[in-house]
1. Segment 226-366: percent of C-alpha pairs farther apart than 22 Å?
2. Sorted from largest down, what three extents in whole angstroms do the Cα atoms of segment 399-551 have along their principal axes?
3. Which residue, chosen from Ile137, Met17, Pro403, occupies the Cα position most advanced towards the positive end of the dipole of the chain, where the dipole is computed from +1 (Lys, Arg) and -1 (Asp, Glu) charges on Cβ about the Cα centre?
4. Out of Thr55, Ser111, Ala231, whose Cα points farthest toward the positive end of the dipole of the chain (charges: +1 Lys, Arg; -1 Asp, Glu; placed on Cβ)?
5. Just to be sure I understand the curve: with the Debye formula and one point per C-alpha of segment 418-484, what is log10 I(q)/I(0) at q = 0.15, 0.23, 0.28 Å⁻¹?
6. In debye, nearest 20: dipole of the chain around its Cα centre with unit charges on the Cβ of K, R (+) and D, E (-)?
7. Please report the base-10 log of the normalised intensity I(q)/I(0) for segment 339-417, using a Debye sum with one equal scatterer per alpha carbon and no solvent, at each q in 0.18 (1/Å).
8. Lys and Arg at +1, Asp and Glu at -1: add these up for the other residues within a Cβ distance under 14 Å of Arg362 and post the number.
Amino acid sequence: MTGGIVALALVLLMMGMVERSVRSIWLADLDEHLVDLGESVAAGLGVGDDDAWITEVSNRTGVRVTLIAPDGLVVADSHEEEAELENHGDRPEVVAALRGEVGQATRLSESSGFAQRYVALPFPGLVVRVSTPTSVIEDRLSDTRRVIAMAGVTVAALAIGLLVLTSRRLVRPLERLAAQAEAVAAGDLTVVPERSSVTELDQMAVALGSIVRDLGGRIDEAEQASSTLEAVLASLPQATLLFSGDDTLVYANPAAGEMLGRVPELLASLVPLQLQEMIRSARSGSVAPQEMEHGLPARWLRAVASRVDDSGRVVLIVSDVTERARLEAMRRDFVANASHELKTPVATAIASAEALQIALSRDDPSAERFAARVSASARHLERLVADLLDLSRLEQESPVLAPVDLGALVVEETEGARQRVEDNGLTLSVETIPVTISGDDAALRTAIRNLIDNAVRHTAAGGSIYVRVGSSDGFAVVDVADTGEGIPTADLDRVFERFYRVDTARSRETGGTGLGLAIVRHVVEGHGGRVSVTSELGQGSTFTVELPLRP
Ligand code: ADP
């Protein structure tokens, strides 16, 4: 549109300029013609009647001829009565001619009322002025103007057409390129910029294309890096939280929600409260890792807070150390219990040995009793140490698995114990089938021996022991049942704990260490099996071991 207006204005300007120059050329032509006429008039003067001569020239050529004396008086005029004409000495063309030059002027004639072109020629003692209406030029110009206007319109139409064509060729692809650039800015990286035959536009399209590819590559890299980081953080068992300098949560991994119960949006709602304190302190310096109890059932958490940068961002890493704390507590208890268990027979042995010494020096017959006590304490210590060694070996070594016929193994162990069983006034019956499991032969023997030993020690004479090996649901099942004293229901869950005994004194009396069932459970669970007990006080107990059959 603007282009069209500009083209039109240029064409109009051009028309004006052409008209001006045509007019000035014709005026020069007219002047030349008038000069020639003036000279012809001058040549014919003084030959006859000057008035008749100038009238004749005027009639023939249509121009007005005026003869003017040097004082400005009109001597003769082809169109007017000279007497009626005023002094012409002030007319610009006459003034120039009086100076000896050819004078020219265009103005409205006072006598005719039309625009006139005047040319005045100087001759000795006379000025010959020839004039004609400028309408001659205007008439010719009006025709020419029509031609110029037609040419102008044609040129303007051509210019506008050309402009439209050029703008189509430039503007359309430019608009498409702009739309594509906007799409890229809005995040669409599938854009393929259109190539163009216009070099500059093509360069822009190529540049946009490389921006899209580069941007796509960078976004891919950033997404990959962020997904790797996300995957790493998501798989971390530790709760990982990032807080900004203004106490808002920036990031929390999935473990954070599981460990803390819920993920807070603001630091103020982070629990346990101790963590809030840690984060605030971490901003002003380093904080030592802290352990705290949290939730129900209570878990032990160990937290570390560290400042990320000067903006006050702090990363908090919380680990669940409940299992470690439990194991530590268990170890502490075990050491205390073991020391206590060892102390009693050692003290008895020392005291009995001292009493023995005294009795021997006095030749006291009680010496034999004290010697028996020393020996009993030593044997108890031996059993205790043997059980402790068994337990520690089982804990440290992983079972050496090999195909084991559990039926045969149980038969061997029961037969090995038969003499002792019968010495205790008990009957022993065994019922087995061959069942093969993957197991550690030595460890399994220890477990079976412990169960038979318990049955013997906790069953009064006259009772019986029944051992059965079978299989059920992919498991080999060993039952060791007795008709002994039984276990109170309240203690059933705890008899597998280390050093747990229903009646400590009685257990010691019968040679128990309190570790037998703990060893059984350890062996069975180490083989992927389970051990359980059913018992009725005064009626007897049945211990059941289940071990996965070898596929
Ligand atoms: P202990 O050496 O004292 O027998 P165990 O760990 O083998 O230690 O057994 C723990 C406790 O479980 C025993 O002190 C006893 O009170 C009870 N117990 C184990 N086996 C039997 C059983 N067959 N009959 C009755 N009570 C048993």
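1. Of the Cα pairs, 55 percent sit more than 22 Å apart.
2. 43, 29, 25
3. Among Ile137, Met17, Pro403, the one farthest towards the positive end of the dipole of the chain is Pro403.
4. Farthest towards the positive end: Ala231.
5. Log10 I(q)/I(0), no solvent term: -0.51, -1.00, -1.23.
6. About 2820 debye.
7. Rounded to two decimals, the profile gives -0.83.
8. -3
Read-outs: derived from the displayed coordinates by stated rules, not from any lab. It should be emphasised that the depicted structure is a prediction, and the values quoted were computed from it without experimental measurement. Don't worry about glycine lacking a Cβ; one is built from the backbone with ideal geometry, like all the others, and counts go over all protein chains shown.
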